[in-house]
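K.L.:
I have a structure here, written as structure tokens, and I will follow up with some questions on it.
The values are calculated or read from the model by the stated rules, or taken from the named source; none is laboratory data. Model, not experiment: these values are computed from the prediction. As a convention, Cβ positions derive from the backbone with ideal geometry for all residues, glycine included, and neighbour counts pool all protein chains shown. We work out accessible area using only protein heavy atoms, side chains counted, and drop any ligands, DNA or RNA first. Shrake-Rupley method; radii C 1.70, N 1.55, O 1.52, S 1.80 Å.
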Amino acid sequence: MRLEVYILTGLLLIVAVLLMVRHQRRLKRRAWLMQEAVRNRDFTFRLPTHGLLPGERAMQEALNQLGNTIRQQVNQSEVESWERLTRVLTHEIMNATAPISSISQAMLNRPDVKGTALEEGIRAISATSQHLNTFVDSYRRFTQLQDIAPEPVSISSVVADLRQLYPTLGWQCRVADDLVVNTDPTMLRQVLINLVKNAIEAKARQVAIDADSDGGDIRLYVSNDGAPIPIEARTSVFVPFFTTKRTGSGIGLSLSRRMMTRQGGNLELTEHPKPGFHTTFLIRFSYTH
């Protein structure tokens, strides 16, 4: 009888050791996956917490949240860098275009220039300087935002307004009526309008808006069935003045991300669009009401 107890105890110890070894290998695999994600600057990782001990589960949840925090900080840093750069460029372009515009206009008003071969060339110079001034205005829009005025905003009411603004689109909306976030309503509407305008320019016919929560955060997904964003352009869509359209200014998405990061939120392009759609953007609200 005692021998059987010893054998059973030994078997239980062996099983426990094997389970512990397997568990440690799984933890090692998790650590490797997170290390690779960080090395590749992919901070969207969220590893599951089932099958973990309470302390390990808390640690994994903290690491998942840390990835989200790092992503927000990286995006904020990128936005601030572009903002500083655009301020410098704005100053330099204004210094260059102001005298060109002034001198060319003065030359066009001279009687000895009107009707001569010089007039056409000077008008071309004047038109070019005006084009540069328009370009500078785009820089100013990016660097000069109004002060944030956050307040409780009903997402469903904003979406309803958006549907009335673009009635020719097909809409699929799954947003709870009681979903409220603390955000600047003007900025939120502008962000959503920019996303819908991009969808229309991509020949979209359907737009879907879905919402869910992740802990204390609210996530809003905006999808469309327009032409997909080329793979080579996905990493540059939030770079100011980058555009794949001939008539685009390239400021809408970068400005939208800046509006969200200033409020502690974020705007991202998801890796995998919603099924049935070609492009999905994710708006994160860090502060709920």
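K.L.:
Filter the stretch 52-67 down to the residues that are touching a residue at least 12 places away in the same chain (Cβ under 8 Å) and under 17 Å from Met20 (Cβ atoms) and list them by number.
P.N.:
Selection gives Glu56 alone.
K.L.:
I'm told Leu13 meets every condition in (1) at pLDDT 75 or above; (2) closer than 22 Å to Leu269 by Cα except one. Can you identify the failing condition by its number?
P.N.:
(2)
K.L.:
Please specify each residue of the stretch 184-221 satisfying the condition of being under 16 Å from Val237 (Cα atoms) and among the small types (Gly, Ala, Ser).
P.N.:
Those that are under 16 Å from Val237 (Cα atoms) and among the small types (Gly, Ala, Ser): Ala199, Ala202.
K.L.:
Can I ask one more? In this structure, is Asp112 over 28 Å from Ile218 (Cβ atoms), of a type in the set (D, E, K, R), at pLDDT below 85 and open to solvent by 50 Å² or more (accessible area, probe 1.4 Å)?
P.N.:
Yes, satisfied.
The rows are residues; the columns are (1) in a strand (DSSP E or B); (2) at pLDDT 90 or above.
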| site | (1), (2) |
| --- | --- |
| Lys197 | no, yes |
| Lys203 | no, yes |
| Asp210 | yes, yes |
| Ser213 | yes, no |
| Ala227 | no, yes |
| Arg234 | no, no |
| Phe242 | no, no |
| Ser249 | no, no |
| Arg257 | no, no |
